[in-house]
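Colleague: Here it is, the structure in full.
The values are calculated or read from the model by the stated rules, or taken from the named source; none is laboratory data. Source: prediction; values computed, not measured. Virtual Cβ from ideal backbone geometry, glycine too; neighbours counted across all protein chains shown. Side chains included, ligands, DNA and RNA excluded: accessible areas come from the protein's heavy atoms. Shrake-Rupley method; radii C 1.70, N 1.55, O 1.52, S 1.80 Å.
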Amino acid sequence: MKLQQLRYIVEVMNHNLNVSATAESLFTSQPGISKQVRMLEDELGVQIFGRTGKHLTHVTPAGKDIISVAQQVLDSVQSIKTVAAEHTLPDQGKLNIATTHTQARYALPDVIERFIQHYPKVSLHMHQGSPEQISEAAAKGRADFAIATEALHLYHDLIMLPCYHWNRSIVVPKSHPLTQLSKISIDDIAQFPLVTYVHGFTGRSELDKAFAEAGHEPKIVFTATDADVIKTYVRMGLGIGVLASMAYDPKVDT
């Protein structure tokens with residue numbers, strides 16, 4: 001049994017059993033991967049993948065268990081390499097961060113600037129996506145950690161740690177009736193159409209929950225994953241914006 005074989009079966013599953021795509025991502029040949037997978041199955045005495053002719057069709061029950069352990073082994077190997085690098089090159093290396101647009105655009109610039117000043121030899125890579133995508137990236141080891149406000153609880157093999165507290169803000173044109181109120185309630189907001197995040201992004205589930213508890217259904221007319229896009233459509237008069245407070249820039253949005 002070789003680490004290379006374990007890497008192959010994990011990557012084949014990650015590429016939806018597409019051996020050609022797996023070979024391309026690993027910079028190797030399709031026949032080479034197929035041969036190594038067969039050799040591993042022969043050694044173990046079980047099929048990891050079901051086949052129809054030369055095509056892989058599904059992961060067998062035994063294969064699911066084997067691939068799960070293989071992923072753990074590969075993660076442990078990477079951890080060993082990381083520990084060694086921390087001792088031999090403590091101020092160097094590569095850091096992969098997975099996060100959403102809102103975090104990347106508004107929460108992280110100052111943090112990343114300070115990080116680069118302290119660790120100029122570290123290669124920093126930011127991967128943006130939906131909360132589900134970035135959580136999966138962290139769970140599968142493609143990112144060192146994910147920063148998000150939603151979906152992390154769906155991945156039981158991740159540990160969730162709070163890094164900061166945040167809130168929501170209402171964004172409206174200066175002429176909007178809500179600007180005349182000294183205090184705004186959900187009852188007030190419920191009277192107007194909303195422009196906010198796509199479900200699954202930046203506290204959207206909590207927004208829906210808050211409206212439901214107040215006995216209202218939000219009148220959502222437009223959703224987006226990008227806070228800047230939301231503000232653009234608020235300026236057009238499409239509705240009032242509900243977005244992360246960090247995304248409000250008083251220099252631009254007043």
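Colleague: Run down the lysines and flag those whose C-alpha is under 22 Å from the C-alpha of residue 54, throwing out any fewer than 8 positions away in its chain.
Modeller: 35, 64
Colleague: Which order do the peptides 97-104, 177-184 take when ranked by the mean count of other beta-carbon atoms within 10 Å per residue, highest first?
Modeller: By packing density, highest mean first, the sequence is 97-104, 177-184.
Colleague: State whether segment 105-147 is rounded, prolate or oblate according to the following rule on the C-alpha gyration tensor (a ≥ b ≥ c being the square roots of its eigenvalues): a/c under 1.5 gives rounded; otherwise a/b larger than b/c gives prolate, and the remaining case gives oblate.
Modeller: Values: a/c = 3.29, a/b = 1.66, b/c = 1.99.
Taking the square roots of the gyration eigenvalues as a ≥ b ≥ c, segment 105-147 is oblate.
Colleague: Sticking with this structure for a sec: At a Förster radius of 22 Å, what calculated FRET efficiency corresponds to the Cβ-Cβ distance of residue 186 and residue 233, to the nearest 0.05?
Modeller: Plugging the Cβ-Cβ distance into 1/(1 + (r/R0)^6) gives 0.55.
Colleague: Tell me whether segment 67-153 comes out rounded, prolate or oblate; compute the Cα gyration tensor, take square roots of the eigenvalues as a ≥ b ≥ c, and use a/c under 1.5 as the rounded threshold.
Modeller: It is oblate, given that a/c is not under 1.5 and a/b is not larger than b/c.
Colleague: A further question on this structure: Quick one: pull the percent of accessible area on the chain belonging to carbon and sulfur, 1.4 Å probe, ligands and nucleic acids left out. Don't jump to the answer; show the numbers that get you there.
Modeller: Working: 8420 of 15440 Å².
Carbon-and-sulfur percentage of accessible area, whole number: 55.
Colleague: Only sites in a loop by DSSP and with at most 14 other Cβ atoms within 10 Å count here; which trypsin sites (Lys or Arg not before Pro) in segment 219-252 make the cut?
Modeller: 219, 251
Colleague: Averaged per residue, what accessible area in Å² does segment 134-254 show with a 1.4 Å probe, protein chains only?
Modeller: 59 Å²
Colleague: OK, next. If you line up the long axis of helix 109-118 against the longest principal axis of the chain, both from Cα atoms, how many degrees apart are they, to the nearest 10?
Modeller: Helix 109-118 and the main axis of the chain meet at about 50 degrees.
Colleague: I'm spelling it out carefully: the read-out is P(r) over Cα pairs in 5 Å bins from 0, in percent, the candidates are (1) 1, 6, 11, 15, 16, 15, 13, 9, 6, 3, 2, 1, 1, 1, 0, 0; (2) 1, 6, 14, 19, 21, 18, 13, 7, 2, 0; (3) 1, 5, 10, 13, 13, 12, 10, 10, 8, 7, 6, 3, 2, 1, 0, and one was derived from this structure. Which label?
Modeller: Step by step, P(r) over Cα pairs in 5 Å bins from 0, in percent for this structure corresponds to label (3).
Colleague: Just tell me which aspartates and glutamates come within less than 16 Å, Cα to Cα, of residue 121; anything on the same chain fewer than 8 places away is out.
Modeller: 86, 91, 113
Colleague: If the limit is 22 Å between Cα atoms, which of 2/140; 2/81; 174/209; 2/94 go over it?
Modeller: Long pairs (Cα-Cα over 22 Å): 174/209; 2/94.
Colleague: Check cross-link reach from residue 251 to the aspartates and glutamates: straight Cα distance under 19 Å, and skip same-chain residues fewer than eight apart.
Modeller: 110, 226, 228
Colleague: Pick from 60, 196, 149 the residue whose mean-square fluctuation is largest in a GNM of the chain, springs joining Cα atoms under 10 Å.
Modeller: In this elastic network of the chain, the residue with the biggest mean-square fluctuation among 60, 196, 149 is 60.
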